[in-house]
Amino acid sequence: MRVALDVSAVPARPAGAGRYIVELASRVGADDVSLSLVTQKNDGARWREWSPASHIEEIVPRARPSRLLYEAFVLGHRAPALGDVWHGPHYTMPRHRRTPTVVTFCDMTFFTNPEWHESSKVVFFRRAMAYAARHADEIISISRTTTDLIQEILEPSIPVTTIPLGVDHSRFSLTANGRSLTSAGLPHTTPYILFLGTWEPRKGLDVLLDAFRDVASSDADVELWLAGQSGWHVEATRTQIAHHPFRDRIRPLGYVDDDLVPTLMHEARVVAYPSRGEGFGLPVLEALACGAEVVTTKGTVMEEVAGDAATFVPVGDSDALATSITSAIYRNDEERQVRAQLSARRAQLFTWDATAAHHRDVYRRLGN
């Protein structure tokens, strides 16, 4: 059986949903499941590197409006030539489908919190998701939290299968396996709080910056390192940093290479992820796999992912965030070791190989 996997929406620097698609493309192939990766034109080189056993179809226009129209109205007619099952891993699917179709929903925030997104994306993805809920053969959700929201908001008549994301334990572990901090021009003796994620309103960077004011007031050495690429509405965050009383101890790192991420997490005193809401919260899981002390938000999917291995604070509560970060910074070595083992054990419950295996089960069910 051949599965056509639409990878055309994955940016040059994949994160979050993009990381999920890359890992799926590199792992889901098996003796009875082969892949056709449907990419943008002239974008096959990186996919041949990531998924060398796959067949590459470089057919999708590069410009976003053209790409979306091509997917909706052309790819459905071509699907039988591309595979026995079509998988749209990023909310969308062809309108004129001729093969069984599965669509992944990574979260429901376009419905629950439209203010977290650009208005044009809200309109587009709401329509696309409602269409998929009516016309696909199955929906894959990446968390129970997201599954419950899909059922509540869209009331689909098709199956919704929950398949959690995973973590690459060969990279993210209790032993730092990536680049050293010094090789990246970063100090290796400075204590730091790490945030990793796209800079956008939902991530709670404003709350973290407020909390850091209190943390830095009580600790003269600790820094705040902000890793991740710019998303949208970042001007307010940059202004907040520029006017921060401890701005000389805030280090924006921008997008960091994959081989540096495990080291950053492993060496951090605390990984802070004060997101207001996610579909899964992959950086939390990766940080736990590194044995990091994680502080994140209660009442969100991060509780589902982290279990009892993280510290949780109310969404938007900078005082509680500052208190929890400070407590974590001052744990003694024995306490940190106990916490690290707890974190790593929790992360062992999630693997990309298991994620891929569950996807293959869906493909076989639809393709037979």
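Observations on the structure shown:
- Exposure proxy ranking for 250, 140, based on other Cβ atoms within 10 angstrom of each Cβ and starting from the fewest, stands as 250, 140.
- A dipole drawn for the range 182-347 from +1 and -1 charges on Cβ atoms has a positive end, and of 268, 290, 230 the residue lying farthest that way is 230.
- Of the residues 318, 81, 111, the one whose Cα sits farthest toward the positive end of the charge dipole of the chain, with +1 on the Cβ of Lys and Arg and -1 on the Cβ of Asp and Glu, is 81.
- Counting only the Cα atoms, the range 239-315 fills a convex hull of 119 Å³ per residue.
- Residues 244, 90 arranged by fewest to most Cβ contacts within 10 Å: 244, 90
- Cross-link partners of residue 203 among lysines (Cα-Cα below 27 Å; sequence separation of 8 or more within a chain): 121, 298
- Exposure proxy ranking for 146, 300, based on other Cβ atoms within 10 angstrom of each Cβ and starting from the fewest, stands as 300, 146.
- Full extension of the chain segment joining residue 233 with residue 177 gains 16.8 nm, where the gain is 0.36 nm per residue of separation less the Cα-Cα distance.
- Stretchable slack from residue 331 to residue 42, in nm (0.36 nm times residue separation minus alpha-carbon distance): 99.0 nm
- Theoretical gain in end-to-end length, residue 348 to residue 130 [0.36 nm per residue, Cα-Cα removed]: 75.0 nm
- Descending Cα extents along the principal axes, the range 182-347, whole Å: 39, 34, 32
- Relative to the Cα centre, the charge distribution of the chain, modelled as +1 at Lys and Arg Cβ and -1 at Asp and Glu Cβ, gives a dipole magnitude of about 1120 debye.
- Charge dipole (debye, nearest 20) of the range 128-187; +1 at Cβ of Lys and Arg, -1 at Cβ of Asp and Glu: 380
- When the chain is reduced to its Cα atoms, the Kirkwood hydrodynamic radius in Å: 21.3
- Charge dipole (debye, nearest 20) of the range 182-347; +1 at Cβ of Lys and Arg, -1 at Cβ of Asp and Glu: 120
- The value of relative contact order for the chain, using C-alpha pairs under 8 Å at least six residues apart, is 16 percent.
No value in this document is a laboratory result; all are computed from the given coordinates. Because the structure is a prediction, the values reported are computed rather than measured. Please note: Cβ atoms are built from the backbone with ideal geometry, for glycine as well, and neighbour counts cover all protein chains shown.
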